[in-house]
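First comes the structure, then the notes that go with it.
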Amino acid sequence: MSYFMISNRLIHFWQGRSLRFWLTSGLIVTIVPFFLFSIIAFSFVHSHIVEPLLTLSGKQQKGLNSINEMQIATLEATTSLADFAISQEEQYFKEFHEAYEKLSQSLDIIELHSAEPNELLKGEYRQAKYYAFAALDRISSSLSTTNQVEVDKAIIEAEGNLEKLGHALTNMSYLIQDENTQIHHNSLEATFLSEKIFVFFLLLSVLFGITGLLIINKSLISSMNKLTEGATKFATGDVEHNINIGIPCEMASVAHTFNCMKETILKQQAELEHMASCDRLTGLPNRHKFDELAILILENAQNFGTQFCLVICDIDHFKKLNDQFGHLCGDEALKIVSIKLQSAVPRDAHIFRYGGEEFIILLPNRPSSEGVTIAEELRRNIQNSSNRFSSNEKFKLTASFGVSTFPEHGETIDKLIEEADKALYRSKESGRNSVSLAYNTK
């Protein structure tokens with residue numbers, strides 16, 4: 001499949017989409033990026049900033065508190081152990097045992113709240129737990145003997161273990177603080193990164209928002225503007241302007257309907273203009289059209305210094321024909337004369353039904369002699385015709401003519417009509433079926 005065919009199919013597909021589709025697409029492109037940005041921003045901030053900070057201020061903080069308690073308990077155990085070593089009183093051993101219980105509870109709390117401690121912290125925790133238990137076990141086992149040397153040795157060993165426990169707890173505290181510092185540092189970096197991501201997605205959302213607005217503008221506002229522009233141009237007389245809208249299909253349909261309506265109006269207007277300037281009976285231009293065209297021919301002759309002839313044709317005995325055969329037959333006679341005139345005049349001549357049984361012929365760029373010659377040909381063409389009404393009755397038609405010429409017989413249309421009418425009257429008086437030239441008025 002060629003690129004051209006694929007391109008045409010894509011264009012056809014998009015042009016066939018509805019207004020609802022384009023508006024929905026524009027809104028989706030505008031809104032969805034903001035929605036996705038909110039979800040991504042929330043997920044990133046929660047996983048990289050909020051949760052680490054909660055861990056920093058929660059579980060591990062409890063671990064630090066437990067270490068502090070263990071350090072205090074270790075100090076109490078050491079003091080009790082020293083007092084026991086001096087006095088050998090059982091009360092001090094009980095105090096030592098109570099301090100040991102606190103150590104054990106604090107170790108359990110650390111183990112509970114250290115979900116995934118690092119390997120170093122695990123090692124220090126194991127050492128602390130070992131030293132704590134070793135100190136108690138060594139003391140407890142020495143009490144079962146009466147050998148004072150063994151007791152003193154156990155006390156010294158327990159003190160050493162307690163001292164090692166203190167170092168282990170201090171190391172654990174440092175490790176947790178280092179881990180907290182690292183979490184805090186990572187949270188700050190994530191905060192800076194989230195600011196960059198926020199700016200990126202904000203710009204991306206703005207870009208998509210502009211794209212969505214362009215889609216809405218293209219599908220609705222631009223199409224509406226084209227419709228308004230087309231209607232305005234048509235209303236102000238620009239009948240050649242067509243409204244071209246491709247999308248959406250509803251707007252394209254409205255534009256197509258408007259263009260069809262415009263063509264219909266122009267066609268009806270042309271028909272009305274034709275009816276207003278055309279004689280319905282003969283199909284010839286009427287007197288209104290004669291008034292328009294005669295002015296143009298006169299101005300042209302004045303501008304170029306040329307002549308033109310005006311010929312009036314009147315059907316002889318037309319009233320008698322109407323009275324004898326009826327008005328319908330009179331209408332047929334008018335049609336026959338109009339056909340005879342059109343078949344005999346030169347191509348550049350203009351024939352008009354002037355009114356009643358009168359016709360006017362305008363002959364541009366012709367002197368009087370040619371005007372008379374043409375009028376005579378027209379007269380003979382009418383006289384020599386064999387005519388029959390639709391009722392199959394035969395009748396004879398003749399016509400009389402009067403000819404005037406610009407500027408010889410007048411310099412205005414009214415004057416030329418007046419002089420041609422006088423010449424026509426002379427043709428009537430001389431027996432009809434003849435041609436007369438107007439007298440020279442200069």
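Report yes if some residue within region 395-407 is open to solvent by 50 Å² or more (accessible area, probe 1.4 Å), farther than 25 Å from residue 291 by Cβ and at pLDDT below 95; otherwise report no.
In the first step, residues of region 395-407 are kept if they are open to solvent by 50 Å² or more (accessible area, probe 1.4 Å); the result is 396.
Pick out the ones that are also farther than 25 Å from residue 291 by Cβ and you get 396.
Checking which are at pLDDT below 95 leaves us with 396.
Yes, there is a match, as at least one residue in region 395-407 is open to solvent by 50 Å² or more (accessible area, probe 1.4 Å), farther than 25 Å from residue 291 by Cβ and at pLDDT below 95.
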### Query
Only one residue in 78, 55 is hydroxyl-bearing (Ser, Thr, Tyr), at pLDDT 70 or above, assigned to a helix (DSSP H, G or I) and on the phi < 0 side of the Ramachandran plot, so which one is that?
78
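Residue-by-condition table, conditions (1) part of a helix (DSSP H, G or I); (2) at pLDDT below 70; (3) surrounded by 13 or more Cβ atoms within 10 Å (Cβ to Cβ):
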position: 136; (1), (2), (3): yes, yes, yes
position: 144; (1), (2), (3): no, yes, no
position: 172; (1), (2), (3): yes, no, yes
position: 175; (1), (2), (3): yes, no, yes
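Which of the residues spanning region 418-440 are loosely packed, with under 14 Cβ neighbours inside 10 Å and on the phi < 0 side of the Ramachandran plot?
Initially, region 418-440 is screened for residues loosely packed, with under 14 Cβ neighbours inside 10 Å, giving 429-431, 439-440.
Correct list: 429, 430, 439, 440.
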### Query
In region 245-283, which residue that is within 30 Å of residue 358 (Cβ to Cβ) and of a type in the set (S, T, N, Q) is modelled with the lowest pLDDT?
269
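Output the number of residues of region 391-407 satisfying the condition of being touching a helix residue (DSSP H, G or I) at 6+ places or on another chain (Cβ under 6 Å), under 11 Å from residue 309 (Cα atoms) and either assigned to a loop (DSSP other than H, G, I, E, B) or aliphatic (A, V, I, L, M) (or both). So that I can check it myself, show each step before the final result.
At the first step, the residues of region 391-407 found to be touching a helix residue (DSSP H, G or I) at 6+ places or on another chain (Cβ under 6 Å) are 397-406.
With under 11 Å from residue 309 (Cα atoms) added as a condition, the list becomes 402-406.
Next, only the ones that are either assigned to a loop (DSSP other than H, G, I, E, B) or aliphatic (A, V, I, L, M) (or both) stay: 403.
The number of residues fulfilling the criteria is 1.
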### Task
May I ask you to list the residues in region 191-223 that are modelled with pLDDT under 70, among the aliphatic types (A, V, I, L, M) and open to solvent by less than 90 Å² (accessible area, probe 1.4 Å)?
215, 216, 220, 221
### Task
Could you list all residues from region 412-437 that are touching a residue at least 40 places away in the same chain (Cβ under 8 Å) and not in a helix (DSSP H, G or I)?
412, 432, 433, 434, 435, 437
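The values are calculated or read from the model by the stated rules, or taken from the named source; none is laboratory data. Just so you know, these numbers come straight off a predicted model, no measurement behind them. No Cβ is skipped: glycine too gets one built from the backbone with ideal geometry, and neighbour counts run over all protein chains shown. With ligands, DNA and RNA removed, areas are computed over all heavy atoms of the protein, side chains included. Shrake-Rupley method; radii C 1.70, N 1.55, O 1.52, S 1.80 Å.
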